[in-house]
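Data first, discussion second: the structure below is written as structure tokens.
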Amino acid sequence: MTTIFDLAQEMSQWIAQRWKSECYDQPAFSEIAVEAVETFDPTTSHSFEDIVGDVMQTTARPSQAHLDSGFGEPAITLFHHGSFYVDILFWNHVSTTLHQHGFNGAFQVLSGSSLEAEFTFARRTRLAGHFLLGELQFESMRRMEAGEIGRISAGPDSIHSVLHLARPTVSLVVRTARDMQQQPQYDYYRPHAAVDPLFIDPLLHCRLQLLDTLIQTEHKQLPKTVCDLVAQSDAYSTYCVLRACLQRLDPQCEMFIRLIEFARAVHGDVIDEFQAVFAEYERERRLLNHFEHSHSESTREILAAVYSAGDKASLAAFAEQRYGADGAISIVQGLRDAGPGCLEEAQQDPRTKDLLLHASPEPSAALV
Ligand SMILES: [Fe+2]
């Protein structure tokens, strides 16, 4: 029987011929990759069990593109052509941020399901090449089932998030190594920030590690140290310092409130934008914590929809499409099932408040 490695090799030879006729143009690769996945469609020949068996038993030893990348659980390169490769990715834990890609290609859900959301970013301020401020806008979301194929386009026109609903979910990715015209590959933080995750300032990196040690040991020098650091930092470093503090400190604690006031006195109104990002980050972190600990695919779908949706209209539209006219009640029920406090928080979020309070059979009780 043809293994998934054999199939990837056949597919790669087919792609290589087509791409050559396009002079190896990066944007042209996406359409070729979509066509290749449609043509070879691994879901018609390889079950989840087949794929696991092939990975465990194969004698093929393709060069691996993602060792030590922390990407996928695992990410396995089935065929490495040199300028493009075919990967298979297993997903168990939450591993996504809003992001764009610096490569082109296509993907297919082989097993399981995912919720993919798309966003746009209107850049307002380029503080540095590795740090932009602007407005992120939710555009759409859709559930993807096994067999469905999506296009991967490099650059900021394809900002998205993906939450995998079934555990594990498996996806095939056919992609170029890198589109040099579409770097850096920003991560995005609602509602305002874009950060190059590969940018590393070595000294700042060490300072943040030391800061974390001072926070964890509750060292008496912490307040002065962190204020001195903020006072002499640029905007990006200040963002990193404040965010590092929030990994350990309650945003409502006196020390953090004073630190924010100090940072605003030094750096001005940009701190308000940082605070909006931090507030959203906290909301997402709590939702994703519920998502991570939920074992029900339907509950995870509802959490993923609430996480992704930009406002009550987009959540209501998704709920109606998925669950019918009483879709909002299904959302409420799913948030109740997700764990203590999950529904109550969504009912107090201005973006979803009206929809969820209206849908709750016991709105006042839910808020107590
Ligand atoms: Fe992606």
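Brief remarks follow.
- Scanning segment 147-160 for residues that are of a type in the set (Gly, Ala, Ser) and either within 15 Å of the ligand (Cβ to nearest atom) or under 17 Å from the mean Cα position of the chain (by Cα) (or both) gives 150, 153, 154, 155, 158.
- Test for residue 117: is it away from the ligand (no atom under 15 Å from the Cβ) and assigned by TED's automatic domain parsing to the domain that holds residue 41: no
- Scope segment 43-69; condition more than 28 Å from the chain's Cα centre (by Cα), surrounded by 12 or more Cβ atoms within 10 Å (Cβ to Cβ) and in a loop (DSSP other than H, G, I, E, B); matching residues: 45, 58, 60
- Residues in segment 112-136 that are in contact with a strand residue (DSSP E or B) (Cβ under 7 Å, 6 or more places away or on another chain) and over 26 Å from residue 171 (Cβ atoms): 122, 123, 124, 125, 126, 127, 130, 131, 132, 133, 134, 135.
- Residues of segment 241-296 that are touching a residue at least 60 places away in the same chain (Cβ under 8 Å) and within 21 Å of residue 345 (Cβ to Cβ): 276, 277, 280, 281, 283, 284, 288, 291, 292, 295.
- Residue in segment 41-52 that is of a type in the set (D, E, K, R), free of Cβ contacts under 8 Å to residues at least 60 places away in the same chain and over 14 Å from residue 160 (Cα atoms) present: yes
- Condition check for residue 86 on (1) at pLDDT 95 or above; (2) out of contact with any strand residue (DSSP E or B) (no Cβ under 7 Å at 6 or more places or on another chain); (3) of a type outside the set (Asp, Glu): one failure, at (2).
- Among (1) of a type outside the set (A, V, I, L, M); (2) surrounded by 18 or more Cβ atoms within 10 Å (Cβ to Cβ); (3) at pLDDT 95 or above, the one test that residue 72 misses: (3)
- Restricting attention to segment 79-100, the residues being within 21 Å of residue 144 (Cα to Cα) and surrounded by fewer than 21 Cβ atoms within 10 Å (Cβ to Cβ) number 7.
- Some residue of segment 138-146 being touching a strand residue (DSSP E or B) at 6+ places or on another chain (Cβ under 8 Å), within 18 Å of residue 35 (Cα to Cα), at pLDDT 95 or above and more than 16 Å from the ligand (Cβ to nearest atom): yes
- Filter pass, residue 39 being away from the ligand (no atom under 16 Å from the Cβ), among the β-branched types (Val, Ile, Thr), assigned to a strand (DSSP E or B) and modelled with pLDDT of 95 or more: no
- Count of residues meeting criterion [of a type outside the set (Val, Ile, Thr), within 14 Å of the ligand (Cβ to nearest atom) and assigned to a loop (DSSP other than H, G, I, E, B)] in segment 70-105: 8
- Every residue from segment 161-183 that is surrounded by fewer than 16 Cβ atoms within 10 Å (Cβ to Cβ) and within 15 Å of the ligand (Cβ to nearest atom): none
The values are calculated or read from the model by the stated rules, or taken from the named source; none is laboratory data. What you are looking at is a predicted structure, and each value in this text was computed from that prediction instead of being measured. Every residue, glycine among them, receives a Cβ derived from its backbone with ideal geometry; neighbour counts consider all protein chains shown.
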